[in-house]
Amino acid sequence: MKQKRTLGTPRLLGIVWPFIAVVLFQALLGGVSLYVLSAVRGYVGGESLWSKGQKDAIYYLNLYADSRDETIFLKYQNAIAVPQGATNCAWRWIIIHRISRRRESPS
């Protein structure tokens, strides 16, 4: 007499679903880690440009204080533009974020 396998599919699914869940979790974790890595690299790159601009600005300002040469002062202005631009960008983001929150909240 031949037996029918009525419980075969649910049993297989019961064995396989934890592995599928682990694979999906690892894929999700990999995607999140790539996103975080990209964000950190962008932050570090921006911080590097900011500190280099600040260092160069101090250097050119010291040279300008000694020589009073107008070309050195222009180099100072170009160098300080990077840290000032980052600060302006941060303040603009804060202001825009606060304005958008005020519009969303009921009066």
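May I ask you to work out the translational diffusion coefficient for the chain at 4 °C, viscosity 1.567 mPa s, via Stokes-Einstein with Rh from the Kirkwood sum over Cα pairs, reported in whole µm²/s? List each step's numbers first, then the result.
Working: Rh = 19.9 Å.
Here the translational diffusion coefficient equals 65 µm²/s.
For segment 29-107, what does the accessible surface come to per residue with a 1.4 Å probe? Please give it in Å².
Solvent-accessible surface per residue comes out at 85 Å².
Determine the calculated [θ] at 222 nm for the chain from helices alone, applying -39500 (n - 2.57) to every DSSP H run no shorter than 4 residues and normalising by the residue count; nearest 500 deg cm²/dmol. All intermediate terms of the calculation are to be shown ahead of the outcome.
Details: 2 runs with 95 residues, N = 107.
My calculation for the chain gives -33000 deg cm²/dmol from helical runs alone.
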Linear extension gain, Ile58 paired with Phe19, 0.36 nm per residue minus alpha-carbon span: 8.2 nm
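Could you check how much of the accessible area of the chain is carbon and sulfur, as a whole percent, using a 1.4 Å probe? Kindly include the intermediate steps, with their values, before the conclusion.
Details: 6380 of 9920 Å².
The C+S portion of the solvent-accessible surface of the chain is 64 percent.
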Crossing angle, helix 70-104 versus the chain [Cα axis fit, 0-90 degrees, rounded to tens]: 40
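With +1 on the Cβ of every Lys and Arg and -1 on the Cβ of every Asp and Glu, and nothing else charged, how large is the dipole of the chain about its Cα centre, in debye rounded to the nearest 20? Don't skip to the end; give the middle numbers.
Values: 14 positive and 6 negative charges, 236 e Å.
Using Cβ point charges on Lys, Arg, Asp and Glu, the chain gives about 1140 debye.
The values are calculated or read from the model by the stated rules, or taken from the named source; none is laboratory data. Every value quoted in this text rests on a predicted model; they were computed, and no experiment measured them. Please note: Cβ atoms are built from the backbone with ideal geometry, for glycine as well, and neighbour counts cover all protein chains shown. Keep in mind that these areas ignore ligands, DNA and RNA; they rest on the heavy atoms of the full protein, side chains included. Shrake-Rupley method; radii C 1.70, N 1.55, O 1.52, S 1.80 Å.
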